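Undergrad: I am attaching a structure below and will ask some questions about it afterwards.
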Amino acid sequence: MPVPPRSPAPHPRDRRRRKPLPKERRRKQDERPHWGMRAATTVSVLVLAAGGIGHAMVTSMNTQIARVDPFKDMKNRPEAESGRGMNVLLVGTDGRDKITRAEKDKYRLGGAPCHCTDTVMLVHVSEDRNRASVVSLPRDSYAELPEHTDETTGDHHKPHPVKLNAAYAEGGPALTTRTVEHMTGVKIDHYLEVDFTSFMKTVDVLGGVDICTTTPLKDSYTGLDLAPGTHRLGGGEALQYVRSRHIDGASDLGRMQRQQRFLAAFIARATGSGALLNPVKFREVAGTLLGSVRADSGFGTTEMLALGQAMRGFTPASSEFTSVPIGKMSFQVKGIGSTLKWDAAKSKKLFQTLREDRPLAVQRPKRARGKPVEVSPEQIKVQVDNGTRGAGLGKRVDAALRATGFRTTGIPGNGVRRDLTRTLVTYDPRWDRSAQSLAAALPGCELKAVKGQGRTMRVTAGADYRAVTRVEAQDAYQGEFGVATGDQVVCP
């Protein structure tokens, strides 16, 4: 009989509310900035607005952008893919020293500003300018810095392992760019860096952005408190939304998905309201934003106009979002601590898809929606056993569950009991939400908690089995390594 593998920790959606961290440690972890969308907001304004505004206006604003050289002394770079689109590295930095004390208190932005990055996104714009693919790179990703000189101390360093967000602290934009290119194999064409102050102000200038949720979103660390429904968030509230990482146990990975969801909502707001086609409103939006932007010298007026003209038909459906696949959630590195280790095979395939200018989202034929559940079948591991004397039942149930999306072992076994009249699902209570999702696919089954069973659910098929009911998660980001298009995550 196959033995389910143990898992060191429950799936994020199954975790209970954790015991609060000690005060000092909590301050260190949670008072740092998590404002990814200020970078995303920059791209939205630049590429969406330029197509509808006069050349003279855009040219005058070009002088507001501070310049940086992220490609300084770079050698052995990935080969450029001719005719394969454009790649932009977006980096979000801390700018809390530029906001008022009242804003800091209201939106819980305590602590001193840091010379660091908490958001790194790789944006690929297709050659035909009909699609933008956004890949979030977790700040705690395991990375190996190339040989370099520390910008702060002047010390020369040999290659060494770090968390990805340390690249900026040690070597600024150039080292960050080199590190990302080395990790992804994708040649970066342009670099954009924004601080979070522009994020708050730009959202306010647009009149807010609509966010909808089917479940309560509450984070005592940031002050976020949203009831189920649709909410129009101003700059400060939006900042709370994209910072929050103590909502559902998914920590930074859940936070990245909310950042991506907000970018889709921002695009919908900007394109749907017509604000960016109004010269007065455009000047207000762009002027607010560009004052805190740094970019490479090659990303100027000509590039903005060409890109904007090409993307005039850009909509939320034109964008797709994902995060780099993670192979090990807690990869311990001496002297660094816990890091996120990328899945080598899956991440390689992801970045190869970008290099080849192909869409990341799988185009599936439309079909009737399944029964809504909290946890996606693609995230649930299942071992199937036959609990009857009927030959082949385990194999049929395994195949039916797999066809619905569950990650079955593909090796059904025989249960201890061979006279089971009612299908039995046993599960570790730490994964109770996953168990409920599986039970929804097997109507009438019996649920039994077994402490210490681990992450893998066990289904022992009984004589009552007839068929598997198709289920799907309400959250469009669900899936083993989900990709969502913008139209899937914006409010109806």
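The values are calculated or read from the model by the stated rules, or taken from the named source; none is laboratory data. Bear in mind the structure is a predicted one, so any value in this text is a computation, not a measurement. Positions of Cβ are backbone-derived with ideal geometry, glycine not excepted, and every protein chain shown enters the neighbour counts. These accessible areas exclude ligands, DNA and RNA; they are computed on the full protein's heavy atoms, side chains included. Shrake-Rupley method; radii C 1.70, N 1.55, O 1.52, S 1.80 Å.
Undergrad: Return the residues of segment 414-435 that are open to solvent by less than 30 Å² (accessible area, probe 1.4 Å) and in contact with a His (Cβ under 9 Å, 6 or more places away or on another chain); say none if nothing qualifies.
TA: 431, 434
Okay, residues lined up against (1) part of a strand (DSSP E or B); (2) at pLDDT 85 or above; (3) open to solvent by less than 20 Å² (accessible area, probe 1.4 Å):
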residue	(1), (2), (3)
314	no, no, yes
331	yes, yes, no
335	no, yes, no
341	yes, yes, no
352	no, yes, no
369	no, no, no
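Undergrad: Residues in segment 261-280: is at least one at pLDDT 70 or above, assigned to a helix (DSSP H, G or I) and under 30 Å from residue 144 (Cα atoms)?
TA: yes
Undergrad: Under 6 Å between Cβ atoms, which residue pairs at least 6 apart in sequence (or on different chains) link something in segment 390-403 that is closer than 13 Å to residue 459 by Cα with a partner that is polar (S, T, N, Q)?
TA: From segment 390-403, the pairs are 393/386; 394/386; 398/408; 401/408; 402/408.
Undergrad: Something else about it: If I go through segment 229-252 residue by residue, how many of them are open to solvent by 40 Å² or more (accessible area, probe 1.4 Å) and at pLDDT 85 or above?
TA: The number of residues fulfilling the criteria is 4.
Undergrad: Between a residue in segment 68-90 that is in contact (Cβ under 8 Å) with a residue 40 or more places away in the chain and crowded, with 17+ Cβ neighbours inside 10 Å and any residue that is part of a loop (DSSP other than H, G, I, E, B) and of a type in the set (Lys, Arg), which pairs come within a Cβ distance under 6 Å, given they are 6 or more apart or on different chains?
TA: none
Undergrad: If a residue must be surrounded by 19 or more Cβ atoms within 10 Å (Cβ to Cβ) and part of a loop (DSSP other than H, G, I, E, B), how many such residues does segment 147-176 contain?
TA: 2
Undergrad: Among 380, 411, which is among the β-branched types (Val, Ile, Thr) and in contact with a Phe, Trp or Tyr (Cβ under 8 Å, 6 or more places away or on another chain)?
TA: It is 380.
Undergrad: Can you name every one of the strands (runs of 3 or more DSSP E) wholly within segment 188-236 that holds 1 or more residues which are in contact (Cβ under 8 Å) with a residue 12 or more places away in the chain and within 29 Å of residue 299 (Cβ to Cβ)?
TA: Passing ranges, in order: 190-195, 209-213, 229-233.
Undergrad: I need every pair where a residue in segment 334-361 that is under 19 Å from residue 129 (Cα atoms) and in contact (Cβ under 8 Å) with a residue 40 or more places away in the chain has its Cβ under 8 Å from the Cβ of a residue that is of a type in the set (Asp, Glu) and assigned to a loop (DSSP other than H, G, I, E, B), sequence separation at least 6 or different chains.
TA: So the pair list comes out as 355/81; 356/81; 357/81; 357/127.
Undergrad: For residue 490, state whether it is among the hydrophobic types (A, V, I, L, M, F, W, C), open to solvent by 20 Å² or more (accessible area, probe 1.4 Å) and at pLDDT below 95.
TA: Answer is yes for this residue.
Undergrad: Is it true that some residue in segment 416-438 is in contact (Cβ under 8 Å) with a residue 60 or more places away in the chain, among the β-branched types (Val, Ile, Thr) and either within 30 Å of residue 326 (Cα to Cα) or in a helix (DSSP H, G or I) (or both)?
TA: So far as segment 416-438 goes, no, none of its residues is in contact (Cβ under 8 Å) with a residue 60 or more places away in the chain, among the β-branched types (Val, Ile, Thr) and either within 30 Å of residue 326 (Cα to Cα) or in a helix (DSSP H, G or I) (or both).
Undergrad: Next up: Among residues belonging to segment 436-468 that are open to solvent by less than 10 Å² (accessible area, probe 1.4 Å) and at pLDDT below 95, point out the one that is nearest to residue 384 (Cα to Cα).
TA: Here the answer is 456.
Undergrad: I would also like to ask the following. Take residue 187 and tell me if it is more than 30 Å from residue 81 (Cα to Cα) and open to solvent by 40 Å² or more (accessible area, probe 1.4 Å).
TA: It is false that residue 187 is more than 30 Å from residue 81 (Cα to Cα) and open to solvent by 40 Å² or more (accessible area, probe 1.4 Å).
Undergrad: Where residues in segment 382-413 are part of a helix (DSSP H, G or I), of a type outside the set (Lys, Arg) and open to solvent by 20 Å² or more (accessible area, probe 1.4 Å), which of them is farthest from residue 466 (Cα to Cα)?
TA: Among residues in segment 382-413 that are part of a helix (DSSP H, G or I), of a type outside the set (Lys, Arg) and open to solvent by 20 Å² or more (accessible area, probe 1.4 Å), the one farthest from residue 466 (Cα to Cα) is 403.
Undergrad: Here is a further query. Check residue 182 against each of (1) assigned to a loop (DSSP other than H, G, I, E, B); (2) at pLDDT 90 or above; (3) surrounded by fewer than 20 Cβ atoms within 10 Å (Cβ to Cβ); (4) not charged (D, E, K, R) and name the one condition it does not meet.
TA: For residue 182, the failing item is (1).
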